[in-house]
Ligand code: RP5
């Protein structure tokens, strides 16, 4: 199975991104974790991106905050899909990160999840890998069924709680 490359702009993004690793673990999807910055270590970002296919990755997840250019820089130099995770920043609650990641120029898409959407980034990555991994498709079907059952149980409970 191809691996996911999880890249963070800083170790300060780790607390949020642990949710991504945990979710990938539940699907048994292999991944590597890197700290690479579009601004502080641009040469490393270029190297990672250019070698990503040869290094066995199927998807890149790029998490960054503030002027969050990491996903776009990585996407510019690979044909792999890049999923961007805007990290909530200290001054603008992550709106700066979100717009920096999502507003890519035509030709270089970054599939952007919500602010601090580490969990959804992992699920989207699994869905991409599942296109060529039937075993992952089965796990996704079960994942959705479990989610549905959990919501139905909550519905039943709340209906009983407020029944007149
Ligand atoms: C971004 O700047 C990082 O992704 C992080 O979210 C933000 C702040 O980084 P630190 O100053 O905490 O290292 O590049």
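The values are calculated or read from the model by the stated rules, or taken from the named source; none is laboratory data. Everything numeric here is computed off the predicted structure, so don't read it as measured data. No Cβ is skipped: glycine too gets one built from the backbone with ideal geometry, and neighbour counts run over all protein chains shown.
Residues that are assigned to a loop (DSSP other than H, G, I, E, B) and in contact with a strand residue (DSSP E or B) (Cβ under 7 Å, 6 or more places away or on another chain): does the range 95-109 have at least one?
Going through the range 95-109, the residues assigned to a loop (DSSP other than H, G, I, E, B) turn out to be 103-109.
Then keep just the ones that are in contact with a strand residue (DSSP E or B) (Cβ under 7 Å, 6 or more places away or on another chain); that gives none.
Looking for residues that are assigned to a loop (DSSP other than H, G, I, E, B) and in contact with a strand residue (DSSP E or B) (Cβ under 7 Å, 6 or more places away or on another chain), one finds none in the range 95-109, hence no.
Looking only at residues that are within 16 Å of the ligand (Cβ to nearest atom) and more than 15 Å from residue 6 (Cβ to Cβ) in the range 25-43, which one is surrounded by the fewest Cβ atoms within 10 Å (Cβ to Cβ)? Walk me through how you get there before you give the answer.
Pass one, the range 25-43, residues within 16 Å of the ligand (Cβ to nearest atom): 33-43.
The next check asks that each one be more than 15 Å from residue 6 (Cβ to Cβ); those that pass are 38-43.
Numbers: 38: 22, 39: 14, 40: 11, 41: 15, 42: 13, 43: 8.
Filtering the range 25-43 for residues that are within 16 Å of the ligand (Cβ to nearest atom) and more than 15 Å from residue 6 (Cβ to Cβ), the one surrounded by the fewest Cβ atoms within 10 Å (Cβ to Cβ) comes out as 43.
Give the residue that is farthest from the chain's Cα centre (by Cα), with candidates limited to residues of the range 1-24 that are within 16 Å of the ligand (Cβ to nearest atom) and within 17 Å of residue 75 (Cβ to Cβ).
Filtering first and then ranking leaves 9.
Is there any pair linking a residue in the range 44-73 that is at positive phi to one that is more than 16 Å from the ligand (Cβ to nearest atom) and outside any loop (DSSP other than H, G, I, E, B), with Cβ under 8 Å and at least six apart or on different chains, and which?
56/3
Can you pull out every residue in the range 1-43 that is outside any helix (DSSP H, G or I) and either touching a residue at least 40 places away in the same chain (Cβ under 8 Å) or on the phi > 0 side of the Ramachandran plot (or both)? Break it down into steps so the answer makes sense when it comes.
Kept after step one, since they are outside any helix (DSSP H, G or I), are these residues of the range 1-43: 1-10, 28-41.
Those that are outside any helix (DSSP H, G or I) and either touching a residue at least 40 places away in the same chain (Cβ under 8 Å) or on the phi > 0 side of the Ramachandran plot (or both): 1, 2, 3, 4, 5, 6, 7, 8, 9, 10, 28, 29.
One line per residue, one yes/no per condition, for (1) more than 29 Å from residue 64 (Cα to Cα); (2) in a loop (DSSP other than H, G, I, E, B); (3) in contact (Cβ under 8 Å) with a residue 40 or more places away in the chain:
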residue: 115; (1), (2), (3): no, yes, no
residue: 120; (1), (2), (3): no, no, no
residue: 124; (1), (2), (3): no, no, yes
residue: 128; (1), (2), (3): no, no, yes
residue: 139; (1), (2), (3): no, no, yes
residue: 144; (1), (2), (3): no, no, no
residue: 148; (1), (2), (3): yes, no, no
residue: 152; (1), (2), (3): yes, no, no
residue: 159; (1), (2), (3): yes, no, no
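Return the pairs, sorted by first residue and then second, in which the second residue is within 14 Å of the ligand (Cβ to nearest atom) and assigned to a loop (DSSP other than H, G, I, E, B), the first residue lies in the range 77-97 and is free of Cβ contacts under 8 Å to residues at least 24 places away in the same chain, the beta carbons are less than 8 Å apart, and the residues are 6+ apart or on different chains.
93/115; 95/115
Residues being part of a loop (DSSP other than H, G, I, E, B) and either modelled with pLDDT under 95 or near the ligand (Cβ under 10 Å from one of its atoms) (or both): count how many of those fall in the range 63-91. Outline the logic, then answer.
From the range 63-91, those part of a loop (DSSP other than H, G, I, E, B) are 66-69, 76-81, 88-91; that's our starting set.
Now drop any that are not either modelled with pLDDT under 95 or near the ligand (Cβ under 10 Å from one of its atoms) (or both), which leaves 66-69, 88-91.
Looking only at that region, the number is 8.
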